[in-house]
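Q: One structure, pasted below without further comment.
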């Protein structure tokens, strides 16, 4: 949910039109989170590579969150959540509590997105 809120906030800084529903992929695209904005200043290749690596990490994190989470799972009981993840193949091959592992993956990915773009709020 934090990822969705962050992406919506970035979109609303530029426009007041949101027509993405809860689709994180569309929100990510519309947020322009993956676009380097240097204000017309020249940047060296090392800086450009760092920005590109950060952009890729954030995009991969959004994909990870989207692959496990969906808005329809917000208030479902644990049994239904497990069933949903099982049907999508997300619980296979995990040692220990598979649901806890998926929660850890989503939290870690969400942290990458939120922490990776904190500077967007300061600009």
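The values are calculated or read from the model by the stated rules, or taken from the named source; none is laboratory data. Not measured: the values here are computed from a predicted model. All Cβ positions, glycine included, derive from the backbone under ideal geometry; neighbour counts span all protein chains shown.
Q: Would you be able to say whether some residue in region 73-87 is assigned to a helix (DSSP H, G or I), touching a helix residue (DSSP H, G or I) at 6+ places or on another chain (Cβ under 9 Å) and within 19 Å of residue 7 (Cβ to Cβ)?
A: Yes: region 73-87 contains one or more residues that are assigned to a helix (DSSP H, G or I), touching a helix residue (DSSP H, G or I) at 6+ places or on another chain (Cβ under 9 Å) and within 19 Å of residue 7 (Cβ to Cβ).
Q: Going by the conditions given, is residue 40 under 23 Å from residue 11 (Cα atoms), at pLDDT below 85 and either loosely packed, with under 12 Cβ neighbours inside 10 Å or touching a helix residue (DSSP H, G or I) at 6+ places or on another chain (Cβ under 9 Å) (or both)?
A: Details: under 23 Å from residue 11 (Cα atoms): yes; at pLDDT below 85: yes; either loosely packed, with under 12 Cβ neighbours inside 10 Å or touching a helix residue (DSSP H, G or I) at 6+ places or on another chain (Cβ under 9 Å) (or both): yes.
Here the answer is yes, as residue 40 does meet what is asked.
Q: OK, next. Could you list, in sequence order, all residues of region 43-54 that are out of contact with any helix residue (DSSP H, G or I) (no Cβ under 9 Å at 6 or more places or on another chain) and either at pLDDT 80 or above or surrounded by fewer than 15 Cβ atoms within 10 Å (Cβ to Cβ) (or both)?
A: Keep residues of region 43-54 that are out of contact with any helix residue (DSSP H, G or I) (no Cβ under 9 Å at 6 or more places or on another chain), which gives 44-53.
Result: 44, 45, 46, 47, 48, 49, 50, 52, 53.
Q: Right, here's the next one. Write out, first by first residue and then by second, each pair whose Cβ atoms fall under 7 Å of each other, whose residues are 6+ apart or on separate chains, and whose first residue, in region 65-84, is farther than 11 Å from residue 22 by Cβ while the second is part of a helix (DSSP H, G or I) and at pLDDT below 80.
A: So the pair list comes out as 81/73; 84/73.
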